[in-house]
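Quick one: structure below, then a few questions.
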Amino acid sequence: MGDRLERLAVSSARIPFRLKVALVWVVIFAFLGFFFWVAKFDTDWMLDNFTFIAKGLQYTIYIALGGIAIAIVLALLGALARISSNPIAFGISGFYISFFRGTPLIVQMFLIYLALPQIGTNLHVQYPELFSRQFEDSLVLDPAVAGTLALGLNYGAYMTEIFRAGIQSVAAGQGEAADALGMTYRQKMRRVVLPQAFRVIIPPTGNEFIAMMKDTALVSFLGVSIQHAEVFRRAGLVGKADFKNLEALVLAAALYWGLTIIFTFFQRRLETRVSRGYVRTEPLRTAELPSEELSDLPPHGKGGGG
Amino acid sequence: MRKSSAVLSALAVIVLGIAGCGSDDSSSGGQAASGTVCADTNASGDLLADICDAGEIRVSTDPAYPPQSSLNKDTGDYEGFDIDVATEIADRLGVDISWETPSWDVLTAGSWNGRWDMSVGSMTPTNDRQKVLDFTQPYYYTPAVVVVNEANTSVQDLTTDLDGASIGVCSACTYEQFLNKDLDIKGYSFDYVIDDADVHGYDTDTTALQDLALGDGTRLDAVITSLTTAQGFIDSGKPVKIVGDPVFYEPLSAAFDKSSPMDDTSLVDAVDGIVGDMHQDGTLTELSKKWYDGTDLTVQQ
């Protein structure tokens, strides 16, 4: 058996690897298409309702972008606190990570959506001179805002560990060198440590963002208003009303998958960009190069130097 | 420093952008017309006065349940029996109407925190719900029916043939309480004809019906749901059928938040009176016949 496979590999060596991979994908999609056909989905209904569900993409992306923005800010602060020697900062970030990683995202959403207003009301009733009616009203959050906050807080806790690992992956000598040059803590972080840490941080952060885009579906459990509903809520709405749940869910799955493919593409470009200083290029012999090409050479070791 | 404040302001823009999308659109409130509740009331400082002053009542609905409530995708408007009843109530109050769409769990749990004022969402006033919500008199009664797979021939007599069967229902709803024999509504009594059912709870009735459509006894032997939901599912071409007469009729009422920041007593009384008037002058019967194929569901069976 192994012998046969080996002979096949040798004899097909002239077919490019990428072509073989493409062929595998074609076969998988043929299977998927077959399952789709066998499941007898109502394709007319799916075509009719595609635009209605797809309109939710806008809000899915808003919520995910808002969530990741909050998460990045929290993760950066959390990571700096996690490696600092300040007991208050260390304690707060330790609690933050423990609580938000230790409880389910959907519970956090309901806490922010339902418990915050209750706290506001009770504070207003008990201490009316300290907490005004405006304060009370400001805690009654819109479902989409409550969901975005919960996503940001939850993912921020996971990403704190990613950021901490990224910062600690920068060689200790880099920070010592910055200290030796007389840089302040802030200068050292901004000019020396963080730019190098981001090379390590970006790939897993992109990963978290892609995961978050699909967790935006949880916001629908709070009951977002229809005009501003994201993909999953819209799919649930028309699916339930017309008894076409499966068709609606398949449409939603396709939309989320499409989004993920697009953002994976951008993530890859960003990764290439932040790690460009580490890419090994073939040593070029200057004698063989025409003079104008020489000036276009990428600057070597830009990110690696101190 | 400048960079970090740019990030923060971008963040603020995103969050505010979402917040701005929050409230539903509605036309501005006008002066209350004569003959309406708002024109005649001398309420002040409570929820009714607040609604009259704003010229608008915010009503919750879940537009996934035609013919009670659904979204017309072409016009973007809600339509259905509940929608018409709520609109008529708002007319007789003398205010405009706007819609919120909270999830059912959030709605039935009470503590609406003033996010919306009233629910006209086919809710049964069970004793448990009465602890957190205030209800009007019922505006209609939904028959609960037993649905089985089309291939099923064994279920003939509902009082005996379903004992011990696997029955699917929506979780935490009245049908589940009926099977567990703890459906308590003040002023109503129910005849629990099905014994020792193996109750399977689903997120909505539709999922339970879909499981039933897979085959007779594949996962479920029967589903208990409302007549309208069952009929809609059958009309969409699924292989299930209704057997026997309805097992019970559940009263459905408009609901208000007991713990609302403002006193809701005068509003509940006003809407209760309006529902009574709508029963008397035949408005509800007319709306029921319009949405339920000529059936009058507004009288107790």
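The values are calculated or read from the model by the stated rules, or taken from the named source; none is laboratory data. This one's a predicted model, so the numbers in the text were calculated from it and none came from an experiment. Methodologically, a virtual Cβ is constructed for each residue, glycine included, from the backbone with ideal geometry; neighbour enumeration extends over all protein chains shown.
Take region A:176-226 and flag every residue that is away from chain B (no Cβ under 14 Å) and not in a helix (DSSP H, G or I).
A:Leu181, A:Gly182, A:Met183
What number of residues in region B:172-209 are more than 21 Å from the chain's Cα centre (by Cα), surrounded by 14 or more Cβ atoms within 10 Å (Cβ to Cβ) and not in a loop (DSSP other than H, G, I, E, B)?
Final tally of qualifying residues: 2.
Kindly indicate the residue of region B:11-62 that is in a loop (DSSP other than H, G, I, E, B) and at pLDDT 85 or above and also surrounded by the most Cβ atoms within 10 Å (Cβ to Cβ) among those meeting that condition.
Taking region B:11-62 first, the residues in a loop (DSSP other than H, G, I, E, B) are B:21-36, B:41-46, B:55, B:61-62.
Narrowing further to those that are at pLDDT 85 or above: B:36, B:41, B:44-46, B:55, B:61-62.
Values: B:Thr36: 18, B:Thr41: 18, B:Ser44: 11, B:Gly45: 9, B:Asp46: 16, B:Gly55: 17, B:Thr61: 26, B:Asp62: 24.
In this case the residue turns out to be B:Thr61.
Suppose we filter B:Asp84, B:Asp91 for residues that are at pLDDT 95 or above, over 30 Å from B:Leu162 (Cβ atoms), touching a helix residue (DSSP H, G or I) at 6+ places or on another chain (Cβ under 6 Å) and surrounded by fewer than 23 Cβ atoms within 10 Å (Cβ to Cβ); which single one remains?
Values: B:Asp91 fails: touching a helix residue (DSSP H, G or I) at 6+ places or on another chain (Cβ under 6 Å).
Unique residue meeting the criteria: B:Asp84.
Are there any pairs with C-beta distances below 7 angstrom linking a residue in region B:278-300 that is more than 18 Å from B:Ser253 (Cβ to Cβ) to a residue that is hydroxyl-bearing (Ser, Thr, Tyr) and surrounded by 17 or more Cβ atoms within 10 Å (Cβ to Cβ), with the two at least 6 apart or on different chains, and if so which?
Partner pairs satisfying both residue conditions: B:Thr295/B:Ser288.
Give the number of residues within region B:147-190 that are in contact with a helix residue (DSSP H, G or I) (Cβ under 7 Å, 6 or more places away or on another chain) and basic (Lys, Arg).
As a first pass, look at region B:147-190 and keep what is in contact with a helix residue (DSSP H, G or I) (Cβ under 7 Å, 6 or more places away or on another chain): B:147, B:149, B:154-155, B:167-170, B:183-186, B:190.
Checking the rest, the ones that are also basic (Lys, Arg) come to B:186.
Total satisfying the criteria: 1.
Return the total of residues in region B:151-182 being touching a Lys or Arg at 6+ places or on another chain (Cβ under 9 Å) and more than 16 Å from B:Lys241 (Cα to Cα). Give the steps one after another, and end with the answer.
Filtering region B:151-182 down to residues touching a Lys or Arg at 6+ places or on another chain (Cβ under 9 Å) leaves B:152, B:166, B:168.
Applying the additional criterion that residues be more than 16 Å from B:Lys241 (Cα to Cα) yields B:166.
Total meeting the criteria: 1.
Continuing with this model, one more query. When region B:210-237 is examined, which residues are found to be buried (at least 18 other Cβ atoms within 10 Å of the Cβ) and out of contact with any strand residue (DSSP E or B) (no Cβ under 8 Å at 6 or more places or on another chain)?
Those that are buried (at least 18 other Cβ atoms within 10 Å of the Cβ) and out of contact with any strand residue (DSSP E or B) (no Cβ under 8 Å at 6 or more places or on another chain): B:Gln210, B:Gly232.
I'd like to verify a number: residues in region B:249-274 that are more than 18 Å from B:Cys52 (Cα to Cα) and either crowded, with 22+ Cβ neighbours inside 10 Å or not aromatic (Phe, Trp, Tyr) (or both), how many? Step through it out loud before you land on a result.
Step one: list which residues in region B:249-274 are more than 18 Å from B:Cys52 (Cα to Cα), which gives B:249-255, B:258-259.
From what's left, either crowded, with 22+ Cβ neighbours inside 10 Å or not aromatic (Phe, Trp, Tyr) (or both): B:250-255, B:258-259.
Summing the residues that are more than 18 Å from B:Cys52 (Cα to Cα) and either crowded, with 22+ Cβ neighbours inside 10 Å or not aromatic (Phe, Trp, Tyr) (or both) in region B:249-274 gives 8.
May I ask you to list the residues in region B:82-125 that are more than 10 Å from chain A (Cβ to nearest Cβ), touching a Gly at 6+ places or on another chain (Cβ under 9 Å) and part of a strand (DSSP E or B)?
Residue satisfying the conditions is B:Asp96 alone.
Something else about it: Those residues that are of a type in the set (D, E, K, R) and surrounded by 12 or more Cβ atoms within 10 Å (Cβ to Cβ), I need them from region A:87-132; list them, please.
Our first condition is that a residue be of a type in the set (D, E, K, R); within region A:87-132, this holds for A:101, A:129.
Scanning region A:87-132 gives a single hit, A:Arg101.
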